[in-house]
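Each value in this text was obtained by applying a stated rule to the coordinates, not by laboratory testing. Note that this is a predicted model, so its numbers are computed, not measured. Note that each Cβ is placed from the backbone with ideal geometry, even for glycine, and that neighbours are counted across all protein chains shown.
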Amino acid sequence: MSVDDEKALLAGIPTGLLIGGEWRDAAGGKRFDVLDPSTGDVLASVADASPEDGIAALDAAVAAQDEWAATAPRKRSEILRGAWQIMQDRKDDLALLMTLEMGKPLAEAAGEVVYGSEFFRWFAEEAVRITGRYGVNPEGSGRTIVSQHPVGPCYFITPWNFPLAMATRKIGPALAAGCTVVVKPAELTPLTTLLTASILEEAGLPAGVLNVVPTTSAGALTEPVLKDPRLRKLSFTGSTPVGKRLLAQAAENVLRTSMELGGNAPFLVFDDADLDAAVTGAMLAKFRNVGEACTAANRFIVHEAVADEFAERLTAEVEAVKVGRGTEEGVQVGPLINAAAVSKADDLVRDAVDRGAEVRLGGGPVDGPGTFYAPTVLDRVSAGSDILRTEIFGPVVSIVRFQDEAEAVRLANDTEYGLVSYVFTQDLARGQRMIERLQTGMMGLNVGVISNASAPFGGVKQSGVGREGGFEGIHEYLSTKYTMTPSPFA
Ligand code: ADP
């Protein structure tokens, strides 16, 4: 990829707010810079929405709601399917844009285009399959009709780590269900959402159905939107502390909410595991997306009998990883998103080492330019280390050892989070016991990546509420109405 390719792509990305079908400047004219985390260079200057712009975007979504809900499901479906097709045609542009603004290696960004665009195709297929039921009450005196209706105008807050997929898995089901939307993308990576919005426009999405308001004032813009009685739904993906605050704000108007919050994924390797599969799975579960994923394996919980071999083999794989700018050939680990992310990873590593962890590899930031952290393997991490309680969001493996299954389950569940767990075992009954005992919304059984548009993604405990993707995903945007009628034979 040449510098000219990058410039040509960036020159074609819209940088305004999208409100009511118009690309406009922010009220007050403020703009902010989007940076390349691998160089610190400015990629683009984007309109910085004010709270007033947030309400204008909601006005547009409210104005478009009735007509969009009344639009034939087939038509809604075809717009989504059309957008999916344009994304396939422009897959290289989308991938490069994500690598530039977020830092992930180009090959992974290309993978995210496949995964993220699939939410449009999947929900295009779901849009025409929204059904209800007709029943006879037990007394025989009445008939019950159950029907599904769009929830109404939605507000989405998305994170920076998967700039495409985190937007499409909310926008896809909402549009399929007949809801209109205001999206506030992460201020660190707004460009992919802006390009996605222009792709939906090109696919024929009517004005006002999707509105986009990048801002550096997330809290100030969000508060009046959530207070507005016309809003019906909040969907948020991000950190648990921000999610809790938003849930409290959403309580005021009793909004429907979907919350995809933090994780602290355990990665269990039993003594009967296929170690080849476990090491391959570990590399994916830990180093995909530079470790910046809520699904990233955070705690490797390994049976004492195989721990040395697992740690040695994993360390050898990690040592071979190429670190660099995501656009360079063969790079597997890019920069972290910013300097704060590097300090956070480093603080966690230092705390673990101070408490006795053994550093098998890495263990510190990489000198600039860019915000890189060296791929790191820590072994024999002590109970009580912060790294076992906190989402690392970086390329750091931390290994703890266990003696028996009961201890493994206790360690795995010893967290307030419950997003995903990974289990490596060749014993079928043990695998089934883990499905029943591990307190997570998702599990990778002998596999290191679980995300798929056809599957219900989501957590239990403080990892969130609601599910994105799968048959379940569209129901987050539908409300159930039940109607009683008398028996026609009375
Ligand atoms: P991270 O630490 O991964 O950046 P955050 O939860 O801080 O996670 O950010 C996720 C999203 O939440 C981003 O779009 C960010 O702008 C937004 N956000 C952060 N704070 C607030 C807030 N007080 N109100 C609304 N949105 C917020």
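Using 13 Å as the cut-off for backbone N distance, which residues of segment 285-314 belong to the label zone defined by a point 7 Å from the Cα of residue 427 along Cα→Cβ?
303-305
Residue 11 to residue 187: extension gain in nm, 0.36 nm per residue of separation minus the Cα-Cα distance?
Working it through step by step, the gained length comes to 61.5 nm.
Determine, for 144, 71, the number of other Cβ atoms within 10 Å of each Cβ, and report the residues in order from fewest to most.
Placing the least packed residue first, the sequence is 144, 71.
Normalise the Cα radius of gyration of segment 37-100 by 2.2 N^0.38 Å (N = residues in it) and let me know the number.
1.61
For a distance above 18 Å, tell me the whole-number percent of Cα pairs in segment 15-149 that qualify.
The calculated P(r) of segment 15-149 puts 73 percent of pairs beyond 18 Å.
Specify the longest stretch of the chain that does not include any exposed loop site, a site being one of the chymotrypsin sites (Phe, Trp or Tyr not before Pro) with a non-H, G, I, E, B DSSP assignment and at most 15 other Cβ atoms within 10 Å.
That gives 1-470 as the longest site-free run.
Please sort by residue number the GluC sites (Glu not before Pro) in segment 58-153 whose DSSP state is loop and whose Cβ has at most 13 other Cβ atoms within 10 Å.
Within segment 58-153, the qualifying GluC sites (Glu not before Pro) (loop, at most 13 other Cβ atoms within 10 Å) are 139.
Please order 34, 114 by the number of other Cβ within 10 Å, starting at the fewest.
So the ranking, lowest neighbour count to highest, is 114, 34.
Given 0.36 nm per residue, what is the gain on full extension from residue 88 to residue 252 after removing their alpha carbon distance, in nm?
Separation in residues times 0.36 nm, less the Cα-Cα distance, equals 54.9 nm.
Fewest to most neighbouring Cβ within 10 Å: what's the order for 259, 102, 283, 484?
Sorted ascending by nearby Cβ count, the order is 484, 283, 259, 102.
Please list, in order, the residues from segment 314-328 whose amide nitrogen is less than 17 Å from a point placed 7 Å along the Cα→Cβ vector of residue 107.
Output list for this probe position: 317-328.
Can you work out the Karplus-derived ³J(HN,Hα) for every residue in segment 447-454? Use 6.51 cos²θ - 1.76 cosθ + 1.60 with θ = phi - 60°, whole Hz, and x for glycine or proline.
Using θ = phi - 60°, the values come out as 8, x, 9, 10, 5, 7, 4, 7 Hz.
Taking every Cα atom in segment 265-452, find the radius of gyration and the maximum pairwise distance Dmax, and write them in Å.
Computed over the Cα atoms of segment 265-452, radius of gyration and Dmax are 15.5, 50 Å.
Note the full-extension length gain between residue 2 and residue 407 as 0.36 nm times their separation in residues minus their Cα-Cα distance, in nm to one decimal.
Taking residue 2 through residue 407 to full extension adds about 140.6 nm, to one decimal.
Normalise the Debye intensity by I(0) for the chain, one equal point scatterer per Cα, no solvent, then take log10 at q = 0.06 Å⁻¹ and round to two decimals.
Log10 I(q)/I(0), no solvent term: -0.28.
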